[in-house]
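One structure is given below, encoded as structure tokens.
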Amino acid sequence: MKDQDQKGIFKSDLTIKSVYEGAWELFTSNLRTLITLAAIPSLLLLINGLIGLGIFEVAGSEESLKVGVGFAGVAFFIATIVLVIVASILVEAGSIKGLLKNGSKEFSVKEGFDLGKKHFMAFLGVSLVVVLYVLFGLILLIVPGVLFAIWYSLAPIIVLDKNISTSDAMKQSKDLVRSNMGVLAKNYVVFVLISVVLGSLFDDAFSSAIYNLFASGFGAALYVVIYKRLPLKDEN
């Protein structure tokens, strides 16, 4: 039954309706794991915000005490920012790799976390290179930056799926995207529009945090479904 579900989720149909139905099925099959993983950086971000609010509200009348605690608060604030970034990358890598590896068969939070740790450096490396390419393209002209963003959008998931170098993943991503530019462009535009509309509906801190938990997990599922449904991904 699970094998049949996998074939249904990862079939070759790239129409928007079918892709989103497959992504929703994959997301709901791994709902608890994806939400729990996404909650880790969210909780760290909440702690960071609380620290930020209290940095300069230091008790005591001695100025030296205020300054000392203030510096300690700032240092801790910066440390939590770094932790949020690291946790976000780890969780994203673990969620995507877990979905690639298990499909609709639910994987555990521990497995997702372990996969994230194992592939952290490779995922971080390719993501940074892609960001640098996009920024360089945006500096030159807007259009090259947009093209780079689309061409290399699949490089991170290719690295996780095939365990190859960043340069090989970027080359394969570019070839794969250029061969399927039409369907990918449609799905990307729809995803951006939905994200903007839904994001604007949740404008308070609490509802926005809840929305982000679901959006993070569904985004990972959508990314995997689109990639797995593309043809010719084993060709160089």
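Before moving on, here are some points about what is shown:
- Counted residues, the range 9-27 - those being polar (S, T, N, Q) and loosely packed, with under 15 Cβ neighbours inside 10 Å: 2
- The condition of being polar (S, T, N, Q), modelled with pLDDT under 95 and closer than 25 Å to Ile16 by Cα holds for only one of Ser207, Ser195, Ser165, that being Ser195.
- Boolean, Val225 is under 22 Å from Ala122 (Cα atoms) and in a helix (DSSP H, G or I): yes
- Within this structure, Phe27 passes the test of being touching a Gly at 6+ places or on another chain (Cβ under 8 Å), of a type outside the set (D, E, K, R) and modelled with pLDDT of 90 or more.
- Leading residue by the ranking (modelled with the lowest pLDDT) among those in the range 89-128 that are polar (S, T, N, Q) and surrounded by 18 or more Cβ atoms within 10 Å (Cβ to Cβ): Ser104
- The one condition in (1) within 24 Å of Asp13 (Cβ to Cβ); (2) crowded, with 17+ Cβ neighbours inside 10 Å that Thr166 fails to fulfil: (1)
- Taken over the range 128-175, residues that are assigned to a helix (DSSP H, G or I), over 16 Å from Val224 (Cα atoms) and among the hydroxyl-bearing types (Ser, Thr, Tyr) amount to 3.
- Which listed residue is among the hydroxyl-bearing types (Ser, Thr, Tyr), in contact (Cβ under 8 Å) with a residue 24 or more places away in the chain and assigned to a helix (DSSP H, G or I), from Ser208, Ser200, Ser216: Ser216
- Neighbours by Cβ (under 8 Å, 6+ apart or cross-chain): first from the range 14-27, under 15 Å from Gly182 (Cα atoms) and touching a residue at least 24 places away in the same chain (Cβ under 8 Å); second hydrophobic (A, V, I, L, M, F, W, C) and not in a helix (DSSP H, G or I): Leu14/Leu230
The values are calculated or read from the model by the stated rules, or taken from the named source; none is laboratory data. Model, not experiment: these values are computed from the prediction. Glycine also receives a Cβ, built like all others from the backbone with ideal geometry; neighbour counts cover every protein chain displayed.
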